[in-house]
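One structure is given here, and the rest of the page talks about it.
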Amino acid sequence: MAFKNGILTAVGILAAHLALSGVANAQTCEPAKLSEKYPSLVGKTIKIGADPQTPPYVMRDKSNFENVIGIDADLARATFDCAGLKYEFVLGGWSGLLPAVMAGQIDVMWDNLYYKPARAKTVDFVVYMKAGTGALVPAGNPKKVASIEDFCGKTVAFGLGSVEEQATRKQDEACKAAGKDAVTMMPFQDLAAGMRQLESGRSDILLWDLGFADASVKDAPTKYARAFAIISGLTIGAATANGNADLIKVIHDGLTVLQSKGEQAAIFTRYGVDPSTAIPAEVKLD
Amino acid sequence: MQIIRTSSRAIAVAILALAFLASTAEAQAQVSAALQELSGEADAAAAVEQHWIWEFFSYAASEFLWVGAWTAVKITALSMAIGLVLGLGLALMRLSRLFVVRAAAWFYIWIVRGTPQLLQLVFIYDALPYIGLKFDSFTTAVIGFALNQAAFSAEIIRGGILSVNKAQSTAATALGMGPVLTLRRIVLPQAMRSILPGVGNDTISMLKLTSIASIIFVNELTFRAQQIVGQNFRFFTVFAAAGLIYLILTSAISIAQSWAEARFDLERERRPRGETLRRMFGFRLNEKPGEDVPAPKPLAVSPADAHVSDDDVFRSLATSAGGIAKRGEPFVVCRNVQKSYGDRVVLNGIDMTVARGEVVVLLGPSGSGKSTFLRTINHLEPVDWGEITVDGRHVGYAPLPGGGLKPTRALAKARADARIGMVFQHFNLFNHLSALENVIEAPIRVFGIAPEAARALGLRLLGEVGLAGHADHLPHRLSGGQQQRVAIARALAISPKLMLFDEPTSALDPELVGEVLQVMRKLASAGMTMIVVTHEIRFAREVADRVVFMDEGVIVEQGPPSEVIDNPSQDRTRRFLRVVERAETAS
C-alpha cells in the first residue's frame with residue numbers, strides 16, 4: 001500500500017507541477033518566446049482594425065490626435081506587447097471593419113464588437129467583457145427616467161438597427177398597449193448625431209453602449225447622468241478571420257495575463273468603465 | 001456660443017483670426033487672450049474655456065485635419081487623371097462603328113454609374129482579395145474613384161466630341177490628317193469648352209466624396225473631423241473648420257477650372273504672353289528695355305511686285321507638284337463610279353476624265369450627286385462600284401489579284417499622299433486656330449514641314465489671297481469671304497496636285513462672292529487642275545475648260561462652256577440653266 005500511495009503521491013505531485021507550470025506559462029508575458037509559442041506569427045505585423053470614433057473603446061487622444069487610445073486600443077496594445085508581436089492600427093469606418101477581417105485586409109477587429117452566434121460563423125472571437133446599454137440623460141435627470149418603463153411619451157435616440165432599437169420598439173408597443181403615450185423614436189447613423197440630439201434637447205434619452213455612457217458621465221458629470229443600465233447578456237470580444245489558431249491563442253493568452261494582473265481592470269477604470277463588466281477571456285469559435 | 005453683435009467687433013475678430021493663422025504659438029496665445037477680452041460679457045467659466053473662434057481656427061490650421069485633406073487631394077488628383085484617360089477611351093468606344101465595342105463601353109458605364117460607389121469600394125477592398133487581388137486602402141480608393149470617374153467622364157467627353165461640328169473632322173480628313181491626329185489637334189481642343197465645366201463639377205464632387213472611403217480605412221478629412229468629434233463632441237467648430245478647408249480646396253479647383261476655360265475659349269481676345277499683366281500693371285514681366293513687339297511686315301511691297309509674286313506662288317504650286325501626268329494628259333480618271341445611300345442611288349455610273357491643268361465645272365440641280373462625286377475623288381466617301389485614279393493611283397484602294405479593289409488600312413496616309421486639296425461650302429475652318437494656324441496645321445503635322453518654313457509658306461499664301469493682315473485672327477472674326485479665302489490657302493498649303501471646290505461661294509453673301517472667285521480665277525490661270533462644283537454660271541463660262549452637267553447620278557452632257565451653257569443639247573440642262581439664270585438676275 002505504501003508503494004501504491006507513493007505512486008499516487010508522485011503522480012499527484014507531477015500533475016500539480018504540470019498544472020502549475022501551465023498556469024505559470026499562461027500568466028506571464030514572454031515576448032522573447034514568440035517563435036516558440038506562436039511560430040506561425042514570427043515576423044508578422046498584426047493589423048488591428050478599429051474605428052477611432054467609438055469612445056471609450058477606440059478614440060483619438062485629446063492631447064495628441066495622432067495617438068489612438070481607449071479600452072480596446074489599450075487592451076490590444078498590451079496583448080500584442082505581451083506576445084512580443086509587432087502591430088499597427090488600421091483605422092476606418094466601423095461598418096467596414098468586419099468585412100476587412102474576413103477579406104484578410106486586417107488581422108483582427110478590436111473595437112466594441114458584440115459576440116453573436118451568427119457572426120461567429122464567419123469570424124473567431126475572444127470575448128473579455130459584458131455588453132450593456134446605458135441610458136444617458138442630461139445631468140440631474142430632469143425627466144426622472146429610472147427604467148425603460150418610463151419611456152412612454154418621451155423622445156429616445158438610439159443607433160439604427162441596434163439592440164437598443166429593439167428594446168425601445170418593444171417598450172413602445174407596451175406603452176401603447178397600456179394606453180399611454182407612444183415613444184418618439186430618433187434612430188441615428190452615428191453616435192455624434194445622437195449626442196447632438198441629446199445636447200440640443202431634441203431627445204430626452206440617448207441609448208448607447210454602457211461603457212460609453214459611463215465614460216461620458218465620468219468625463220462631463222455636469223452635463224450627463226446615467227439614468228439606468230441594462231446588462232443585455234451579450235459579450236464583447238476581438239475577432240479574427242476563421243482558422244487563425246495562433247492569433248486567437250495570442251489574444252486569449254494575453255488577455256488572461258492582463259486579467260490576472262489586474263491590468264484590464266486598470267484600463268477600464270482609466271476610461272470610467274465599470275471593471276465588474278469584465279469577464280474571463282474565453283475563445284468562441286463557432 | 002458667443003454672438004458677435006456689432007460689425008466693428010466682427011471685423012476685429014476677423015483681423016485677430018487672420019493674425020492668429022499667420023503667427024507663432026506665443027503670439028497665438030496673445031491673440032487668444034485678446035479674443036476673450038473682445039467677447040465682452042463672457043463670464044468667468046467661459047473665459048476659462050477657449051473662445052470658439054480660437055478653437056475654430058486652431059482646428060482649421062490643425063495638421064491632423066490637413067493631413068486628411070492632403071490624402072483627399074492626392075486621391076482626387078490621381079483618380080481624376082486616370083479617370084479622364086479611361087473616360088476618353090470609353091467615349092471613343094461609345095462612338096465606335098462596331099456594335100460590340102459600343103456595347104462593351106455602354107455596359108461598363110451602365111454598371112458603374114448604376115451601382116453605389118460605396119459598394120464598389122468595399123467590393124474592391126474586401127471581395128477581390130478572395131481571388132488574390134489585394135490592394136491597400138489608398139490604392140483601392142484611387143482605383144475605385146478612377147473607375148467611377150471613367151464612366152462619368154466618358155459621357156461628358158462624348159458629349160463634348162459630339163458638340164464639335166462633324167465638318168471640322170471632315171476638313172481635317174481632307175487634309176490627310178489621321179483619326180488620332182484629328183481627335184487630338186482638332187476635335188478635343190474644341191470639345192474642351194463643353195467638357196471642362198462638367199469635369200470641374202466632377203472634381204469638386206470627388207474631393208468631397210472621398211470621405212466615403214473611410215469604410216476602406218482611408219483617413220481623409222471628413223473621417224478625421226468625425227474622429228475629433230467622436231472624441232470631444234465639438235461638432236460646430238470641428239465641422240466648420242473642415243468645411244473651411246474643403247472650401248479652400250474647392251476654390252482652388254474652381255480657379256483652375258476658370259483658367260482652363262479661358263484657355264480654351266474661342267471668343268477670347270488672343271493676347272501675347274505677358275500682355276494681360278502689362279495691361280493690369282502697366283509693365284510686362286521679363287521685358288527687356290528697348291524691346292518692342294515686332295509689327296508684322298507687310299508682305300506685298302508694291303502692287304507690281306505683288307502681282308509677280310502672286311503668279312509665282314500659284315504657278316509654282318500648280319506646276320511643281322510632281323507626278324507622271326504631263327499637262328494635258330489624263331490626270332483624274334473615273335470609271336463607272338456607283339454609290340448608293342441605302343436604297344437611294346446617288347451615283348449611277350459616272351465616267352469622266354480630267355486632264356492635267358484642266359478646270360472642270362460640275363453643274364446640276366441639288367441632289368444630282370455632284371458633291372458626293374467630288375467626295376469620292378479624295379475618298380472622303382467610299383465608292384460602291386467602279387474606280388477612280390488620281391495621277392495614276394487609287395486613293396485608299398488596292399487592286400485585288402483577281403481584279404476589283406479593296407480599301408487599304410492606311411486611308412489617311414493614302415489621302416495625304418494623293419495631295420488633293422479641298423474647299424468646302426461652309427469653309428470648315430478650324431475654329432480654335434488662327435488663320436495662319438489653320439493654314440500650317442497639315443503641313444507641319446501631316447507632311448512634317450519645319451514650323452518656320454511652314455509659317456513662311458503660310459504667310460505667303462495668306463498674302464496671295466489678300467489676308468496677310470489677318471494671319472492671327474480666329475475664324476469667327478473673319479467675314480465669310482475671308483474665311484473661304486483662308487480655306488483656299490489652307491488647301492493650297494499641302495501643295496496639292498488637284499483642287500476640289502464644293503460649292504465654294506454658295507454660303508456667301510452676294511457681295512463677298514467676287515473676292516473668292518477672284519482667287520479661284522488666279523489659281524486656274526496659274527494652271528492648277530481644278531474640279532469645281534458651283535452654281536456660278538458666269539464663272540463657269542469664263543474659267544472652265546469644260547462644263548459637266550449632272551442630274552440624278554449620271555452625266556447628262558459635257559463639253560466646253562460655249563456648248564453646254566450657251567447652247568445645251570439636252571432638255572434637262574436647258575431647264576436647269578433657265579432656273580439658275582433667273583435666280584441670278586433676281587439677286
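The values are calculated or read from the model by the stated rules, or taken from the named source; none is laboratory data. Please read these numbers as outputs of a predicted model, since none were measured by experiment. Reconstructed Cβ throughout: ideal geometry from the backbone, glycine too, with neighbour counts over all protein chains shown. For accessibility, only protein heavy atoms count, side chains too; no ligands or nucleic acids. Shrake-Rupley method; radii C 1.70, N 1.55, O 1.52, S 1.80 Å.
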Scan the stretch B:281-288 and give yes if some residue there is away from chain A (no Cβ under 13 Å), modelled with pLDDT under 75 and assigned to a helix (DSSP H, G or I), otherwise no. yes
Members of the stretch A:80-101 that are hydrophobic (A, V, I, L, M, F, W, C) and under 23 Å from B:Leu128 (Cα atoms): A:Phe89, A:Val90, A:Leu91, A:Trp94, A:Leu97, A:Leu98, A:Ala100, A:Val101
Please report, ordered by residue number, the strands (runs of 3 or more DSSP E) entirely within the stretch B:472-587 with at least 3 residues that are open to solvent by less than 10 Å² (accessible area, probe 1.4 Å). B:498-502, B:529-533, B:546-551
Are there any pairs, at least 6 apart or on different chains, whose C-beta atoms fall under 7 Å, with the first in the stretch A:102-124 and under 19 Å from B:Leu121 (Cα atoms) and the second open to solvent by 30 Å² or more (accessible area, probe 1.4 Å) and of a type in the set (Phe, Trp, Tyr), and if so, which? A:Ala103/B:Tyr130
I need a count of the residues in the stretch B:207-225 that are surrounded by fewer than 24 Cβ atoms within 10 Å (Cβ to Cβ) and either without any contact (Cβ under 8 Å) to a residue 12 or more places away in the chain or not in a helix (DSSP H, G or I) (or both). 1
Right, A:Gly211: outside the structural domain of A:Arg270 (by TED's automatic domain parsing) and touching a strand residue (DSSP E or B) at 6+ places or on another chain (Cβ under 7 Å) or not? no
For the stretch A:40-74, how many residues are β-branched (Val, Ile, Thr), open to solvent by less than 10 Å² (accessible area, probe 1.4 Å) and in contact (Cβ under 8 Å) with a residue 60 or more places away in the chain? 3
Exactly one of B:Leu175, B:Leu181 is open to solvent by 30 Å² or more (accessible area, probe 1.4 Å) and either hydrophobic (A, V, I, L, M, F, W, C) or in contact (Cβ under 8 Å) with a residue 24 or more places away in the chain (or both), and that residue is B:Leu181
Can you confirm whether the stretch B:185-194 contains a residue that is more than 14 Å from chain A (Cβ to nearest Cβ) and hydroxyl-bearing (Ser, Thr, Tyr)? yes
Looking only at the stretch A:113-128, and only at residues there that are surrounded by fewer than 20 Cβ atoms within 10 Å (Cβ to Cβ) and charged (D, E, K, R), the one that is farthest from the other protein chains (Cβ to nearest Cβ): A:Lys116
Matching residues in the stretch B:226-246 (at the interface with chain A (Cβ under 8 Å from one of its Cβ atoms), over 18 Å from A:Gly70 (Cα atoms) and crowded, with 23+ Cβ neighbours inside 10 Å) number 0
For the subset of the stretch A:232-255 comprising residues that are within 30 Å of A:Asp219 (Cβ to Cβ) and among the polar types (S, T, N, Q), which member is least open to solvent (accessible area, probe 1.4 Å)? A:Thr235
Strands (runs of 3 or more DSSP E) contained in the stretch A:33-112 and holding at least 2 residues more than 7 Å from chain B (Cβ to nearest Cβ) and β-branched (Val, Ile, Thr): A:45-50, A:64-69
Qualifying positions in the stretch B:340-364 - in contact (Cβ under 8 Å) with a residue 40 or more places away in the chain and more than 22 Å from B:Asp391 (Cβ to Cβ): B:Ser340, B:Val345, B:Val346, B:Asn348, B:Gly349, B:Leu363, B:Gly364
For the stretch B:357-452, please list each of the strands (runs of 3 or more DSSP E) lying entirely inside it that holds at least 3 residues being under 18 Å from B:Ser169 (Cα atoms) and open to solvent by 10 Å² or more (accessible area, probe 1.4 Å). none
Residues being assigned to a helix (DSSP H, G or I), within 14 Å of chain A (Cβ to nearest Cβ) and acidic (Asp, Glu) - total across the stretch B:123-177: 1
Could we say that B:Arg193 is without any contact (Cβ under 8 Å) to a residue 24 or more places away in the chain, assigned to a helix (DSSP H, G or I) and surrounded by fewer than 22 Cβ atoms within 10 Å (Cβ to Cβ) here? no
